[in-house]
Each structure stands twice: as structure tokens, then as C-alpha cells.
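Trainee: Got a structure for you, questions after.
Bear in mind these aren't lab numbers, they're just calculated from the coordinates by the rules spelled out. This one's a predicted model, so the numbers in the text were calculated from it and none came from an experiment. So basically every Cβ, Gly included, is an ideal-geometry build from the backbone, and we count neighbours across all protein chains shown.
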Amino acid sequence: SLSAPVLAIESSCDDTACAILSPQGEILAERVHTQADHAALGGVVPEIAARAHLSVLPGLVRETLEESGLDIAGIGAFAASTGPGLIGGLIVGSTFAKGLAIARKRPFIAVNHIEAHALSPRLPGHGGDGIKFPYLLLLMSGGHCQCVAVRGVGDHEKLGGTIDDAAGEAFDKVAKLLGLGWPGGPALERLAREGDAQAVSLPRPLLGRPGCDFSFSGLKTAVARQIAPWGAEALPRKVAADLAASFQRCIADVVADRARHALEQLPAARALVVAGGVAANGNVRETLEAVARDHAVPFFAPPLRLCTDNAVMVGWAALETIRAYDAAGIPLEDGIEIAP
Ligand code: KG4
Ligand code: ZN
């Protein structure tokens, strides 16, 4: 078992993050650095991201340690996301954490990034600690879009995923068509407040079809077709707002339909949980809340900073993994790598 804090690193996409958690899961310190370079380029460039992680990480880890008031010698275990994600960044973060573990003769815990999102609602003190397995996770961000049955630590199953774009990617691409900045989700949601969600009839891909896969590229094409007569430059604000509102409604409807099917596939589900940047969307949240109500399961969305990529969830997944090893009677040897 672990008697000293865990230091965790996240570097699978464009966020470089470090967190230190007590063995009970209390956040002792936390730092997230979001790489700004990608905004101008309209998306994450893997090579640039990996180099940025490399230059930011040493300082970020030092600052996180200082904030916690701990010396590196006071860290009991090191953890990092080892995948899935952009391989360059994953190598930077996991090699850094592993190097510290080897130097300090402490365990290194390899954390699956999806599992980290999946377990994040169980972090104590954020409203979801009571959440019991199994539960259904809808993970929707710029990079992920999946329904996951979370049955236990190290035991999660993808029930469905996207066959083209991720939900956040669809928001970003449509926002770009509407002439909004990147990332597009928050800007599109703001514009949608001025619009009428019934104004434009758009397709609802896969709605009503069996299973819980997603598809968004047809929807994006339909929006492009609506914009074409004007061109993005000359698009009247009212038309743009109506399109944004109608598009957002479509996404929420599709996501709700998929969640319903996923809940039917996991009848034992004890909660519906949403994570990823798209969980910030008010429309999506409300619609999923209604789905949960219909299925008589509690709905839970972790606070936004735990929904998007962060190192707290990586540290928490490491703690849950260590606990599962303890429960199974597997000793946590110094310097031994444990992969979930
Ligand atoms: O989890 P996240 O911060 O990073 C990863 O992609 O891993 O998610 C970012 C994604 C972007 O695609 C962004 O447009 C979307 O989440 N997003 C939103 C909102 N806030 C962020 N989409 C819709 N509505 C929002 N309010
Ligand atoms: Zn993620």
C-alpha cells in the first residue's frame, strides 16, 4: 500500500499537467499548462505538442512540488498517462515520470488515459465519491467520443465510438465554418444563445439506429451546405446563430439517443457520467440529465477542470490501481512498474 503522495503527469494531447495527490485522493497541488501555439494553427500539431511538453514539463513538475510543500523525496509513487493519445507527448510524459521513479526507487504506475477519465468521477470531495460500479461513461472531447461501460478498476469496455469525427471535433469544425475561433465549442455555444434551435432542419446521424456508435461528419457537411449560399464572410449573424443553435440541438439529441442505447446495454448501470470538454455544453448536459432521469439513474458531471485533460485524474487512477492491487494481495514493490 501507499503511505506517501503520488505525483502524476498528463501529456497525451496539448495539455501538459502535473498533480500531487495524498494516498486518500486529496489534491495537494495541481498545474495545467495548455499549449497556446495550436490555436493559430486551428488544431493540435503532434510534433509541436511533443516538443512543447518537453520544454514545459521540468518547470511544471518543480512548481507543483513547491506548491505542495513536498520535496521529491516525499513522493511515494509516480504515474503518467501511457496511452491512448499522441505518441510523442505520451513518451515525453511517461519517460519523465518513469525516470523520476527509477531515480527515487519508487513504483511507476502506467495509467490508461481513458481509464483516468472513466475513474475521475470517483475522486473524493467532488460530489461523485459515492458512485459505484458499474456505471456508464460518455466521454466526449476533441479527441475522444465513446460510450464506456465502467465495471471496475482496470475493467472498462467500449460499447460504442465514433465512426468519423469526435463530438468536440464536430463542434470545432462547424465553428470554423461559422467563422468562430478555435477551440470552437465554447464560442459556438455562446452564439447559439442568440439563435433558434428549430430554425434549420439538420440531419441527426444514426438517431434511432441500434447500438451506440456516433457519426458527425454528415452533420458538418449539412451545415456547410447551409452556409454555401452566403459564404462564411457574408453570413448574417442571425443565420449563423440559428445554425449554431440548430447544430447544437442535433448533437444533444444524437448524444442522448446513443446514451439511451448504451444504458439499455448496461442495465445494471448505477449512474450516467459525462466527461471530456463537450461535457461543458449546457444543452448536452441538460439532455443527458433527462436521459438519466428517464432511466432512474443519477447523473454526474465532474467539475470542468476534471472533465478536460488533467493530471489529477491520472493520479487518482493510479491510487485506485494501487488499491486494487492491495485488495488482491499483490505487493507494491519499490521500483516495480504496474500497468493496468
Ligand atoms: O477534453 P478537452 O479539453 O480536450 C481534448 O480534446 O482532449 O476537450 C476539448 C473539446 C474541444 O473540441 C472543444 O471545442 C470542446 O471540447 N468544448 C465544447 C465546449 N467546451 C469545450 N464543445 C461544446 N460546448 C462547449 N461549451
Ligand atoms: Zn482526454
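Trainee: Using all alpha carbons of the stretch 135-301, what is the percent of pairwise distances in each 5 Å bin, ordered from the shortest bin to the longest?
Mentor: Histogramming the stretch 135-301 at 5 Å steps yields 2, 10, 19, 23, 19, 13, 8, 4, 2, 1, 0 percent.
Trainee: Determine the relative contact order of the stretch 105-255: mean sequence separation of Cα pairs under 8 Å and six or more apart, normalised by residue count, in whole percent.
Mentor: Working: 240 pairs, mean separation 31.8, N = 151.
21 percent.
Trainee: Still on this structure, please answer the following. Contact order normalised by length for the stretch 96-182, with contacts defined as Cα pairs under 8 Å and 6 or more residues apart; what percent is it? Show your work: numbers first, answer last.
Mentor: On the way: 95 pairs, mean separation 15.5, N = 87.
With pairs under 8 Å counted, the relative contact order is 18 percent.
Trainee: What distance in nm separates the two pseudo spin-label positions at ALA199 and THR34, each 7 Å out from Cα along the beta-carbon direction?
Mentor: So the label points at ALA199 and THR34 sit 2.7 nm apart.
Trainee: Give me the angle, in degrees from 0 to 90, between the Cα long axis of helix 312-327 and the longest principal axis of the Cα atoms of the chain, rounded to the nearest 10.
Mentor: 50
Trainee: Ordered by residue, what ³J(HN,Hα) values in Hz, to whole numbers, does the stretch 199-206 give under the Karplus form 6.51 cos²θ - 1.76 cosθ + 1.60, where θ = phi - 60° and Gly and Pro are x?
Mentor: 5, 10, 8, 10, x, 10, x, 6
Trainee: Let me ask you something else. Along its three principal axes, how long is the chain when you only count alpha carbons? Whole Å, largest extent first please.
Mentor: Extents along the principal axes: 64, 44, 29 Å.
Trainee: Would you mind telling me which residue in ARG249, ARG285, ARG209 has the biggest mean-square fluctuation in a Gaussian network model of the chain, where springs connect alpha carbons within a distance under 10 angstrom?
Mentor: ARG209
Trainee: Applying 1/(1 + (r/R0)^6) with R0 = 30 Å to the Cβ-Cβ distance of GLU66 and ARG151, what FRET efficiency is obtained, to the nearest 0.05? Walk me through the intermediate numbers first.
Mentor: Details: r = 39 Å, r/R0 = 1.29.
With R0 = 30 Å, the Cβ-Cβ based efficiency is 0.20.
Trainee: Also, quick follow-up: Pick from ALA234, ALA166, ALA256: which is most flexible by mean-square fluctuation in a GNM of the chain where alpha carbon atoms under 10 Å apart are linked?
Mentor: ALA234
Trainee: Calculate the spin-label point distance for THR221 paired with GLU286, positioning each point 7 Å from the Cα along the beta-carbon direction, and give it in nanometres.
Mentor: Inter-label distance under the simple model: 3.1 nm.
Trainee: Mind giving me the FRET efficiency for ARG260 and ARG190? R0 is 30 Å, r the Cβ-Cβ distance, nearest 0.05 is fine. Mind dumping the intermediate values first?
Mentor: Details: r = 28 Å, r/R0 = 0.94.
So, using R0 = 30 Å, E works out to roughly 0.60.
Trainee: What is the count of Lys pairs in the chain whose alpha carbons sit under 29 Å apart, if the two are 8 or more places apart or on different chains?
Mentor: For the chain, qualifying lysine pairs total 9.
Trainee: Could you list which residues have their amide H under 5 Å from that of ASP164, counting only those 5 or more apart in sequence or on another chain, with H placed in the peptide plane?
Mentor: For ASP164, the qualifying residues are PHE216.
Trainee: In terms of modelled amide H atoms, which long-range or inter-chain residues lie less than 5 Å from the amide H of GLY276?
Mentor: MET140, THR308
Trainee: Distance between the C-alpha centers of the stretch 266-283 and the stretch 235-251? Whole Å please.
Mentor: 24
Trainee: Give me a comma-separated list of calculated 3J(HN,Hα) values for the stretch 249-259, in order, Karplus coefficients 6.51, -1.76, 1.60 applied at θ = phi - 60°, integers in Hz, x for any Gly or Pro.
Mentor: Each residue's phi maps through the Karplus curve to give 4, 4, 4, 4, 4, 5, 4, 5, 4, 5, 5 Hz.
Trainee: Contact order normalised by length for the stretch 24-180, with contacts defined as Cα pairs under 8 Å and 6 or more residues apart; what percent is it? Numbers along the way, then the final one.
Mentor: On the way: 181 pairs, mean separation 23.3, N = 157.
Reported as a whole number, the value is 15 percent.
Trainee: How far apart, in nm, are two points set 7 Å out from the Cα along the Cα-to-Cβ line at ALA103 and at ASP294?
Mentor: 5.4
Trainee: Pick out which of ARG270, ARG258, ARG225 has the largest mean-square fluctuation in a Gaussian network model of the chain, springs linking Cα atoms closer than 10 Å.
Mentor: ARG225
Trainee: Taking the Cα atoms of the stretch 123-221, report the difference between the largest and smallest coordinate on each principal axis, in whole Å and largest first.
Mentor: 42, 34, 23
Trainee: 222 nm [θ] for the chain, helices only, -39500 (n - 2.57) per DSSP H run of 4+, per residue, to 500?
Mentor: Working: 11 runs with 146 residues, N = 340.
It comes out at -13500 deg cm²/dmol, rounded to the nearest 500.
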